[in-house]
Each structure stands twice: as C-alpha cells, then as structure tokens.
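Everything on this sheet refers to the single structure shown next.
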Amino acid sequence: MRTAYRSCRNFNAHWMLNCIIPDFFPIMTQITARNIPSTAQTFLLNSGYSPALAKIFAARGITEPEQLDTSFSHLISFEHLKNARNMGQLLADAIAARKTILVIADYDCDGATACAVAVRGLRNFGGRVDFIVPNRFEYGYGLTPEIVRLAAQSKPDILLTVDNGIASIDGVLEANRLGMQVFVTDHHLPADTLPDATCIVNPNQPDCPFPSKNLAGVGVMFYVLLALRAELRNRGQLSDAQAKNLVNLIDLVALGTVADVVKLDQNNRILVHQGLQRIRSGRACLGINALLQVSKKTVHKVTSLDLGFTVGPRLNAAGRLDDMSLGINALITDDANIALQIATQLDNLNRERRSIETNMQESALAVLDSVHPQDNFSITLFDESWHQGVIGILASRLKDKFHRPVIAFASGQSGEIKGSGRSITGLHLRDALDLISKRHPTLIKKFGGHAMAAGLSIDQSDFTLFVAAFEQVACELLNSNDLALNIETDGSLDASGMTLEAARALDEQVWGQGFPTPQFDDDFMVQNQKIVGEKHLKLRLTTEDGNTIDAILFGHNEPLPEYIHAVYSLSINEYNDKQTLQLIIRHWE
C-alpha cells in the first residue's frame, strides 16, 4: 500500500506495510441537542401531537401538520420541473412513430431503479425500449463517447440517460454526430456548460423552478413519466390501465431515493412513504420482493432503513463487482423464479463485497497506525491491490472512524488511478476538487460528485502531488472544531415518551438523510449486562426517575461502568410474537 498525508505544518510522504492500528482512535466527541423552535413546537402540540413528537418534528423544520402529509395530493406537480412537459411530448411523439429508445443507465442503486422505472414505464405506454449500463471498470461513468459508439451498434433513434448525462458533453456530441437524439434525465449538479442534448430534465439545471432540488435520479425519471402520461391523456392515447400502472413503479422510486441518500424533504418523503406502503402490502415488483426474501426481511414490516441498508447494498453489489445489468434485470422481470435466481446471485455478490471490503479496511487501518491521522485534516490512500468497486465504501468507513474527509484510490487503466471520496460537514468535496483543479490544471483528469461524495481520476505518478493539494485545501476549508464528531440528539426523553406506543408512532414515519431518525440522550444506571451473539451487550438500565428498560449495544462486548450517559433510539423488540420496547445504544460515555 502507498499512502501519504500532508499536515498544514509539515509534509511527509510515507510508504508503509503491515502496521497494526489500536482499536481506539481519540476523536473529540460532543453531544448537542437540536434546536427546537418554540413557536412550531407549540403549534404542533396544539394540533394534537404528543410532547415528544412535537419536539421531534419542530426540530426538523416542521411548522404545521400539513408538512407531514404523505398523500399523493401533496406531490409537487411536474409542471414545475423545467422541460418535463417538453420531454413528455417528445417521448409521446417517439412512441407514436415507433422509434427505438435505448436507456443509458448508471451502475448504482439509483441508476438501476431509474433504468427499471424508465423501461417499465415506457413499455407500459407502448414504447420500444431497451437499456444498456456501462461497465464501470471498462467505460467509467456516464454517457461517454465510447458508450455512445457501443450503443450505436443496436441502432437506436434516441438515447435516454437516467441518473447521468448532465456532464456528458463529449458523449452527447458523439451521439449527435452519429444521428441519435439524446434525452438527459439527471439530478447531479451541472458544470458551467450543459451538453447539447435534445432535451434536459434536471431540477438542478439553471432556471429550473422546481421547489425540491433533492430528487434522486429515479425521481426525475418518474416525473418525466408523469408528464408523458399527461401528454398521452391529452392526445386521447391513454387507456385506464396504462394510467393506473404508473403508480406500480413507486416502490422502485422509494428504493432508489433512499439508497442514493438524498435529502428527504416533504416531496421525497411522499415518494418513499407511498413506495413503502406498496412494498408492505405485498405489491412490490418481483425483484424487490426477492431481494427482501434472500435477506430474510419480513415484507409487511419493511422500513426505509431496510431499503437503504439491506436491499440497496445487494443491488449495488452488482455494479461494484460485476455488471449492474444483473440488478436491473431483477427489477424488470415478471418471472418470480428468475427474480429469485438473480436475487440469490446478488446476495452472494454482496457477501463477496463485504469480504473484500473487510480485507481492504484491515490493510488501510494497518497503515494508519504509523501515520497518526489526528495530525492531519484529510486522509488519502492508494493500494494497487484494492478493488475499484469497493473503494467508495472503504472511504466511507474510514471517514466514519476518523471523522476526516477521505479519498481512497485503486488502480485504473493506462497508468491512471481512480479515487472515491467521502467528506464531513464543513468540506464540500466536489468544490474542493474543483479548487484543486483550478490550482493544478493538469492534475485531475476528471472528477464529479457532490458535497459528501465524489469520484476522480489522476495519473498514478501524480499521487503524492494530489495528496499535498488535497490536504492543503482541507486545511483551508476546515478547522479543528470541524474535526470533532458532533452527535445531534433530540435531548432527554421522559417516561411518557419512553414507551412502546411512542416507538410505534416513530416507526410510522419516514426517516433518513435530512430528516434524521430521532435519538435521545440521558443518564442511566447499568443494572445488568450480558454478552449475546458473542459481540453484543444486552443491558438492563434504570433511568433517573427509577424506571427500568431493556437496551442493546451492538458490536461491543466489554463491560460498561455502573453509570453511563448514552445516546439511544427507540426500537421494538419482537420475541415469541410479543412486542416490547428496547433502546438501541448509539454512543455512550
């Protein structure tokens, strides 16, 4: 492994092997209570919400009950999404003219679900449609000229990008040269110049008035289909069955939205809630049902966390280690046996991915023992043996462990190395890479991403130079307080809120990015503790007011002291068909 760090005070490049890191890395941690606007809290209390729920919702920007309404009637109209109506008309024309449409997908869960929504939706409306997904290791990301030439072999009339395309200037030019129209649906931030596509739908493109800028790629494609349905209805070319079938795709929209970790504003919460309702009622597509089956999840109890941490990773495993067309085929098949066969393959790939990730993480942590990352503002690593498909997960794990922006590189082709980065609050990763590219115009060959995650390519020979440049930018954009881990909670929870009924009420809501799962902090006396499953602690705790309650601390098998201050969330423990309240300890001191 090769790794290098640059301190603001001192720069050294290091080559190290076979070091061992201690289990504990002293990250400064502070627990702070979320700000609770008193006016909003009072209004919610007066509207009938319990004190605990009123506090929780007010802290998340909710000022009136209507903002928690997740019915379709509150979904923002497609009319506000720039070019959605125009693309709906163009697609209606293409369907009428029997033109062939080739969907250019992306290789993550958002891209896979967006592709499945496009294929299923367009076929439902009579479209002649197929898909292609680039192999990330051979073609990289997006609509590249190479992918266009590959797509041209099947002679499509239209290339429709999903979850990509907004940065594909050269690819669109190549498609235009070869006589194919390009329709771009994307949600990523655009550069200063937009591609010369026939039509672009992206809530983040200039002059788009769509109120929610947080749509995932699958959400953008779903909105385009809403516009297409409206256009076909206006033309008198829509049957009742076709109109109703569009809602059948909402489970896929929910999955892609959660898996892409976009902000769950009200519009996205509506999409996710409606999708979860469909899944829980047993009406999800066969591929989602099969993925839940192989991961041993009970369908009628599925939560947004299950989508993000169980179904999503299994789909992503195809794009990371194999070919995402495998995952897309699972989502578009109408054969239950095929869906289960593919889901089993995806489950096996995910196990392989976890094994590779564990080995990579061990090698990375071994090196960090001698580097002392607490003296640096960033972490940058490269190992020729690492797998390109897993470096993003590795960067995420190291970011969580050391609370610093991390970029991990793996070998690419022709002397290049490909990096995947994850960041912390205070450093917008894409903007940081943009600043580096301006200071060193030939250093980064290409890059893209957003605030918390990004990807890039550099020449392997420039690795040390990049490390220095990235650390310098991190030093400028971050301060020592940014490197302290801040755990936000909803404060203390009294006996009236620490109930099974309260846990059930919280379970009914959609939680996720930008609308975080409630967690609280209080003092407890540890009355009893025992190890379960070899590596978890089962606890019996007593609150300050004398109530006793069960709790569990995952991934920890060392005894706790008699008194602790703990950050926790409410959960429902089911055993022998009986439900009881259980606290999940997230942090203790």
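No value in this document is a laboratory result; all are computed from the given coordinates. Computed from a predicted model, the values in this text were never measured in an experiment. Heads up, the Cβs are rebuilt from the backbone with ideal geometry, glycines too, and the neighbour counts pull from every protein chain shown.
General remarks:
- Separation between Cα centres of segment 444-487 and segment 517-589, rounded to whole Å: 37 Å
- Between Leu194 and Ile36, the contour length at 0.36 nm per residue exceeds the Cα-Cα span by 52.8 nm.
- The simple spin-label model puts a point 7 Å past each Cα toward its Cβ; for Leu485 and Gln460 those points are separated by 3.5 nm.
- Each stretch of four or more DSSP H residues adds -39500 (n - 2.57); spread over every residue of the chain, this sum gives -12000 deg cm²/dmol at 222 nm.
- Among the listed values (1) 86, 81, 53; (2) 85, 67, 44; (3) 74, 60, 48, the one matching Cα extents along the principal axes in Å as calculated from this structure is (3).
- In a reduced charge model with +1 at each Lys and Arg Cβ and -1 at each Asp and Glu Cβ, the chain shows a dipole moment near 1280 debye about its Cα centre.
- Residue (of Leu433, Gln345, Leu368) at the positive-pole extreme of the chain, dipole from beta-carbon charges: Gln345
- Kirkwood radius for segment 392-474, taken over all pairs of different Cα atoms as the inverse mean of 1/r, rounds to 12.5 Å.
- Listed by chain and number, the lysines whose C-alpha is less than 21 Å from the C-alpha of Lys297, apart from same-chain residues fewer than 8 away, are Lys578.
- Sequence-distant lysines (8 or more away, or on other chains) whose Cα lies within less than 21 Å of Lys155: Lys99
- Shown for the chain are the DSSP H helices of 24 Å or more along their axis, judged by Cα atoms, with a mean Kyte-Doolittle hydropathy of at least 0.0: 217-234.
- Each part gets one Cα centre, and for segment 38-103 versus segment 115-148 those centres are 27 Å apart.
- Other-chain or far-sequence residues with amide H under 5 Å of Val103's (modelled H): Asp130, Phe131, Ile132, Leu160
- Average Cα contact separation per residue, the chain, under 8 Å, 6 or more apart, as relative contact order %: 15 percent
- Among 483-495, 268-280, 211-223, the order from most to least packed when residues are scored by Cβ within 10 Å on average: 211-223, 268-280, 483-495
- Listed by chain and number, the aspartates and glutamates whose C-alpha is less than 15 Å from the C-alpha of Lys535, apart from same-chain residues fewer than 8 away, are Asp23, Glu558.
- The listed peptides 112-120, 54-62, ordered by packing as a protection proxy, come out as 112-120, 54-62 (highest mean of other Cβ atoms within 10 Å first).
- Only beta bridges with both residues in the chain are counted; by DSSP, about 65 percent of them are antiparallel.
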